[in-house]
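J.: Have a look at this one.
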Amino acid sequence: MPVLDDWTYLQQFSEARAAGPGPFLDCLRRLIDNTDTGQFRLNWAGFLPALALAFPAGTSAWPYTLLFWVLHLATALALNRLVATLTGHPETAFAAGAIYVVFPACNDALFRSFSTIYYLAQPLGLLWWLHGAWRDRFRWSLAAAGRLSLVAFLGEQIIPVLALLPGITWLLFGRRQEGGQFLRRWAAHLATLAALAGFYALVINMRPILASARGRYGAVDWHPWRFVSRMLGALHVPGLAEWEISWTFDATPGLLAAPAAAAVLWGLRRYSRPSPDAASSLKLIAWAAAATALAWLPVAGLAMEYRYLYVPSTFVAAGLAATLTTLPAPQRRALVALAVAATAALGWFEMQACWIPQSRLARAALQSVDQAAPWRDGDIAVFAGGPFGIGSAPNFITGSSWSLKSMLELRTGRKNMRGGRDVWIDERGDWILSRPDSSERLVPPDHQRLRIFAYDPATGRYHPQPLSGVRHGHSTR
């Protein structure tokens, strides 16, 4: 199911797709020059895979999910190649990729749709670029600048990594006698990256940069514990997790975990030569810690959301693999296999506890809209009840005004639709339409356009309610 602001992109892409090539190209232009978002962003290229898929896929969710999971697996393979190139130890590289595939902090991005596509694109592009740049020892050329331009606009979280990780990589894994040559190449790389960002910001971008930064970050709180606690919560550390595992017997987690563990043990044994040495493992741990910190910096001042964990998770997985490979062979292989099996099972439990219930709630809202047809332009729908979020899964539709509006317009084919989660009468006798992010005073003609649906947990459905349920000082819930 699409979630929250994904509905906005789904509506945009669907309308552009239906209108033909001209509007579709205009949609692309608005993504590139930031007239679509209202903020200065560097993430337009990350949306291109979903935008390209919108033409054949339309509003069907599964092609996008398949695309995102393929990108995720490709990132794991790219991580494998890069770690093997840096350390010369295929076993460590295999462990890093295996852990990353089922790493719980990646789940939020994998279980969403359009609004997280550029999170998935960032680490894949970064690892692809870094592997090629390291192989060429960061030699500058027009081809190298072209590869960098393909990656630089995938999203903000990789910008500090693109700029500074080459120096850290060289410091840990490079040859000291070539240090002067590397510094000149690194300077050329930084100049190219600055030129790309400057040209985009000053020539292509249509949004004020400083005003966008103030609006997005507001009062900045750079305390790293917000990131660490959210990462530990995603790993289901007690006291920090936002959902509870239901330890009921079910064969599915075992069917997931057992072959995952067996495959990991097979891979670790196959790629066990040469054996990891302590020095390379410690270097990889330091490299992963630095890259994680750099990937956190662009979101450090924002309210920490689970989707911000996706890019840093690439390096956290590499650091965990390096940590485990400092142990003797029997212990490290058992622990890597156990970690992969446990996190695969954890992902299944998270789907059962959080994402599937929220998807059912969203489908109930869609069903109620379909059954209430026909609708008119400007109608108002209120969906009362239902949780704002279940653990790591947000409310897919009614959790924000823009997602509800886009869903209503896309589902009904009508314009100027409005929605909310509550309607009540204030002390002045005015009807108030309430949403999680805003409220609106309704005028008397709006009352005739109002339809109320109340959620029934017993049936898992929304049921139409009469307007007599709107009372002074009381909510429809």
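Bear in mind these aren't lab numbers, they're just calculated from the coordinates by the rules spelled out. Only a predicted model underlies this, so the values are computations on that prediction, with no experimental measurement involved. Cβ: placed from backbone, ideal geometry, glycine included. Neighbour counts: every protein chain shown.
J.: Expressed as a rounded percentage, what relative contact order does the stretch 372-469 have, with Cα pairs under 8 Å and six or more residues apart? Walk me through the intermediate numbers first.
T.: Working: 164 pairs, mean separation 29.5, N = 98.
Reported as a whole number, the value is 30 percent.
J.: What is the distance, in nm, between label points placed 7 Å from the Cα along the Cα-to-Cβ direction at residue 329 and at residue 360?
T.: 4.9 nm
J.: While we're looking at this one, here's another question. Quick one: if the Förster radius is 35 Å, what FRET efficiency do residue 211 and residue 278 give, using the C-beta to C-beta distance and rounding to 0.05?
T.: On the way: r = 50 Å, r/R0 = 1.44.
After rounding, the FRET efficiency stands at 0.10.
J.: Of the options 225, 381, 28, report the single residue whose Cα projects farthest towards the positive end of the charge dipole of the chain (beta-carbon charges: Lys, Arg +1; Asp, Glu -1).
T.: Result: 28, furthest along the dipole toward the positive end.
J.: Return 200, 9, 310 ranked ascending by Cβ neighbour count within 10 Å, so the fewest neighbours appear first.
T.: Numbers: 200 19, 9 22, 310 27.
Ascending number of Cβ neighbours within 10 Å: 200, 9, 310.
J.: Assuming R0 = 25 Å, what is the FRET efficiency of residue 60 and residue 258, from their Cβ-Cβ distance, to the nearest 0.05? Please report the intermediate quantities before stating the final value.
T.: On the way: r = 33 Å, r/R0 = 1.30.
Taking R0 as 25 Å, the efficiency between residue 60 and residue 258 is 0.15.
J.: Percent of alpha carbon pairs in the stretch 334-477 separated by more than 22 Å? Provide the component values of the computation, followed by the final result.
T.: On the way: 4441 of 10296 pairs.
Tail of the P(r) past 22 Å holds 43 percent of the pairs.
J.: Subtract the Cα-Cα distance of residue 168 and residue 85 from 0.36 nm times their separation in residues, and report this length gain in nm to one decimal.
T.: Length gained between residue 168 and residue 85: 28.4 nm.
J.: Treating the beta-carbon of each Lys and Arg as +1 and of each Asp and Glu as -1, no other charges, what is the dipole magnitude of the stretch 6-355 about its Cα centre, to the nearest 20 debye? Mind dumping the intermediate values first?
T.: Numbers: 26 positive and 17 negative charges, 253 e Å.
The dipole magnitude comes to about 1220 debye.
J.: Starting from the Cα of residue 456, step 7 Å along the direction of its Cβ; do the same at residue 250; then give the gap between the two resulting points in nm.
T.: My value for the distance between the label points is 2.6 nm.
J.: Now, a different point. At a 10 Å Cβ-Cβ cut-off, how would you order 320, 255, fewest neighbours first?
T.: Values: 320 21, 255 12.
With the sparsest Cβ surroundings first, the list reads 255, 320.
J.: Residue 190 to residue 137: extension gain in nm, 0.36 nm per residue of separation minus the Cα-Cα distance? If you can, show how the numbers build up before the last one.
T.: Values: separation 53, 0.36 × 53 = 19.08 nm, distance 1.45 nm.
Roughly 17.6 nm would be gained on extension.
J.: Counting only C-alpha contacts under 8 Å and six or more residues apart, can you give the relative contact order of the chain as a whole percent? Show your work: numbers first, answer last.
T.: Details: 746 pairs, mean separation 91.0, N = 477.
For the chain, the relative contact order is 19 percent.
J.: Let me ask something else about it. Taking other Cβ within 10 Å of each residue's Cβ, how do 203, 340 sort, fewest first? Don't skip to the end; give the middle numbers.
T.: Details: 203 8, 340 24.
The order, fewest Cβ neighbours first, is 203, 340.
J.: How high is the relative contact order of the stretch 1-102, in percent, counting Cα pairs under 8 Å that sit 6 or more residues apart? Before the final figure, lay out the partial values.
T.: Values: 59 pairs, mean separation 19.5, N = 102.
Dividing the mean separation by the residue count of the stretch 1-102 yields 19 percent.
J.: If you bin every alpha carbon distance in the stretch 6-355 into 20 Å steps from zero, what whole percent lands in each bin?
T.: 28, 58, 14, 0
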